[in-house]
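The values are calculated or read from the model by the stated rules, or taken from the named source; none is laboratory data. Computed from a predicted model, the values in this text were never measured in an experiment. Counting neighbours? That spans all protein chains shown, and the Cβs are built from the backbone with ideal geometry, glycine included.
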Amino acid sequence: MEEKAINEQESLQIITKMIRNTQKRMVKNEGNTFLIWGYTTLAVTIAVGLAIHFSGNWRWNYLWFAIPVIGAPLNAIFRHNTPKGVRTYIDTVIKYVWIVLGIACFFASVLSIVSGLYKNILFIVPLIIGSGSAITGMVVKFTPATVGGFLGIALGALTLFFPQYSLITFAMIFVIMMIIPGHILNSKSRKMNKTEEASNVQGA
């Protein structure tokens, strides 16, 4: 069977449809993902800051590894209980972007703590995660993620110039970069669900 060639306009329509499907799935499913990682990082940052402040022992920096230990299982449980829906090629691309960035972030964290250069990680992590957030936001046209990502990158640079405020800055970054966008996504999801329920009632 001969395959039918598609023209430029049809290609753009297909891409636009995939982006819209990804946007809809992200609004419905990704808010809690942002919140899980955002609040976990915020809680661990506060714990590390308080532990080092009162003990004066830098080894409390190993507590940073609690972020993936806590966040990964919580995220896996959430995704297991969330309807999968139809995934597009754009969904897959975004997934692979975050896998690569997540591995890079973990590797950089291990290397920085083992080498004793752990202060630089407070710049490296926002740079990596902020890039992922900005890329995701630009691809699916979700402005809070885009703005939050770029602000995260910019604020991360402040940890290099004002190290005495680095933990406070780091905590603020994840509030801006993940927690606020997560709540916005969940708010949109609730509105979308109400709209769909109203449409179903009218159509019944």
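Quick rundown of the values:
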{"quantity": "Flag if residue 109 is closer than 20 Å to residue 63 by Cβ, buried (at least 20 other Cβ atoms within 10 Å of the Cβ) and touching a residue at least 24 places away in the same chain (Cβ under 8 Å)", "calculated": "yes"}
{"quantity": "Candidates 104, 145, filtered to the one that is more than 30 Å from residue 188 (Cα to Cα) and in contact (Cβ under 8 Å) with a residue 24 or more places away in the chain", "calculated": "104"}
{"quantity": "Residue list for region 65-103, filter: hydroxyl-bearing (Ser, Thr, Tyr), over 24 Å from residue 179 (Cβ atoms) and at pLDDT below 85", "calculated": "88, 89, 92"}
{"quantity": "Candidate set from region 112-146 (those that are among the aromatic types (Phe, Trp, Tyr) and closer than 19 Å to residue 169 by Cβ); member that is surrounded by the fewest Cβ atoms within 10 Å (Cβ to Cβ)", "calculated": "118"}
{"quantity": "Top-ranked residue in region 51-101 [being assigned to a loop (DSSP other than H, G, I, E, B) and basic (Lys, Arg); ranked as surrounded by the most Cβ atoms within 10 Å (Cβ to Cβ)]", "calculated": "87"}
